[in-house]
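Notes for the one structure printed next.
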Amino acid sequence: MTDLDAILDHIPPLLLVVTRIGGLMIYGPIFGSSVIPVRVKAFLAFTIGVATYPLLSAKFPEWTTFHLSLWTLGPLMAMEVLVGLIIGYLASLPLLAMQTGGLIMGQQMGLGFAQLYNPAIDDEADIIGQMLFFMAVAAFLAIGGHEMMIVAVLKSFERIPPGGFALDLDFLHLLGGMLLSSLELALRVAAPVLAFVFLETIALGFLAKTVPQLNIMTLGFPSRIIAGVAIVVVGLVVIQDVAIEALAETMNAILHWVEGAPDG
């Protein structure tokens, strides 16, 4: 076997490694932002893939036995992109949960009409939701979530070999548990404001019955916004701690899943 043949044997598995990392660049937090140009994402995925492939190929020498044609390489690359997308999606759930909690608070406070464009998700977002989303992004960077995502993708080759992804009970349990955790996180973040709005509604109802001459609409909306913003500002430290805890648990769950032995 010539040196050229030896190099050509590494091209198919190298492409599969690059495409799996490329899936992370499509939907993962930070990397999947539309603010980052597509060419930069492609270059970053290729660079990380080329840099890490020698270590992976040394650990899995059987990869060099791949003899793939264009017809078989295409579906396998699509499957590898799907694996990266799944890891990026799971990592982004706490960030989306924080934004959802802010959206719930904004709607209850009467800020639903104040919508801003969020370039990180390429969509409009509520003011409170966008603030909490960027707070979650800062917490994600603070705990090294971007590095943990790349490590998770690279470790996923131990559980899911190239072209070997299949839905199993472990993944379905992980997905269901993380969706429930995200819903719980959104409600935990929004709970103080929801409790205040509930109590304020009851108080204004009693006030409207006892003082019919008072304009409840004029009094209710400003007081709800002012008190709601005050509650959010006072609870920012607690919200940050909750976000960091949720992000750390999410990334640890992803790493635990990719490090687990495959079923069967």
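The values are calculated or read from the model by the stated rules, or taken from the named source; none is laboratory data. Note that the structure is a prediction, hence the values are computed from the model and not measured. With ideal geometry, Cβ positions are generated from the backbone for all residues, glycine too; neighbour counts draw on all protein chains shown.
Structural remarks
- Within segment 130-169, considering residues that are of a type outside the set (A, V, I, L, M), within 19 Å of the chain's Cα centre (by Cα) and more than 16 Å from V18 (Cα to Cα), the one modelled with the lowest pLDDT: Q130
- Close pairs from segment 139-162: first closer than 15 Å to E245 by Cβ, partner crowded, with 19+ Cβ neighbours inside 10 Å and of a type in the set (G, A, S), Cβ under 6 Å, at least 6 apart: A139/A243
- Scanning segment 100-129 for residues that are closer than 26 Å to F31 by Cβ and either part of a helix (DSSP H, G or I) or modelled with pLDDT of 65 or more (or both) returns T100, G101, G102, L103, D126, I127, I128, G129.
- Test: residue in segment 190-211 that is more than 20 Å from Q130 (Cα to Cα), surrounded by 11 or more Cβ atoms within 10 Å (Cβ to Cβ) and acidic (D, E): yes
- Beta carbons closer than 6 Å, at least 6 apart along the sequence or on distinct chains, pair a first residue in segment 99-112 that is under 15 Å from L236 (Cα atoms) with a second that is crowded, with 21+ Cβ neighbours inside 10 Å and modelled with pLDDT of 85 or more for Q99/F133; G101/A186; G101/V189; G101/A190; G102/L132; M105/A190; M105/V193.
- Residues located in segment 12-34, provided they are assigned to a loop (DSSP other than H, G, I, E, B) and either surrounded by 17 or more Cβ atoms within 10 Å (Cβ to Cβ) or of a type in the set (V, I, T) (or both): G28, P29, I30, F31, G32
- Among the residues here, A208 does not qualify as among the small types (G, A, S), in a helix (DSSP H, G or I) and under 23 Å from V35 (Cβ atoms).
- Checklist (1) at pLDDT 85 or above; (2) surrounded by 11 or more Cβ atoms within 10 Å (Cβ to Cβ); (3) of a type in the set (A, V, I, L, M, F, W, C); (4) farther than 20 Å from Y27 by Cβ applied to L180, failing item: (2)
- Filtered residues of segment 60-98 (kept if touching a Pro at 6+ places or on another chain (Cβ under 9 Å), over 30 Å from A190 (Cβ atoms) and at pLDDT 80 or above): L76, M79, E80
- Test: residue in segment 35-54 that is part of a loop (DSSP other than H, G, I, E, B), touching a residue at least 12 places away in the same chain (Cβ under 8 Å) and crowded, with 21+ Cβ neighbours inside 10 Å: no
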